[in-house]
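See structure below.
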Amino acid sequence: MRTDISGVASQKDFTTFMRAYQDMVFSTAVRLVNNAAQAEDISQDVFLKAYEHFDTLSDSPTAGGWLKTVTTNLSINHLQRYRNRWRFFSEFKRDESVGGDESPEVEFAAPETFFSGVDADERREWVSRALEQLPEHQRVPLILYHFEDLSYEDIASKLGVSLAKVKTDILRARAALARIIAKSGTAHETLSL
């Protein structure tokens, strides 16, 4: 790491570092908290922490992984901090399926046929819009499992919930996501004809 006479990390070096990772940090945060303004705040916190550790991160080949882990943890902390504030209101909306498993399994269409004729950017946009429509308790574990490659056990530990809840929420999130994407797929096919 380059330092000036006073021993402070070069502003230019950190700015370059930050620009290299800002999209990854922001996209990770926004997927988890589903709010761009909150994701920007979290991203700033991540880069403040990165600045504090810049002497080791600047030349580290694992800097991206470190930033992703810090972003994930700060996003989860943010969600847990604000979840308690809104718990009272969420208790008014009880899940009618508490007693049983009424959700039939939803099968995804084969990717090669469902997304045929759709480029990767449009596919990512579909999935992002569909993820935004999921409730937080389903969206967060689904993202942690599929995008962050965490195990069920790690997700349960990070979120402070039972393993069974994580598995149920991910299963229901997949089914809801399949329905949302299927609906948007029908609209897309109609529009593209």
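The values are calculated or read from the model by the stated rules, or taken from the named source; none is laboratory data. Owing to the predicted nature of the structure, the values given are computational and were not obtained by experimental measurement. Here the Cβ is made from the backbone with ideal geometry for all residues, glycine too, and neighbour counts use every protein chain on show.
Within the range 132-173, being surrounded by fewer than 19 Cβ atoms within 10 Å (Cβ to Cβ), part of a helix (DSSP H, G or I) and of a type in the set (D, E, K, R) holds for E132, E136, E153, D154, K165, K167.
Listed by position, the helices (runs of 4 or more DSSP H) contained in the range 16-117 that have at least 2 residues being modelled with pLDDT of 90 or more, on the phi < 0 side of the Ramachandran plot and of a type in the set (S, T, Y) are 36-52, 63-90. Taken together, the residues in the range 34-55 that are among the charged types (D, E, K, R) and within 20 Å of the chain's Cα centre (by Cα) amount to 4.
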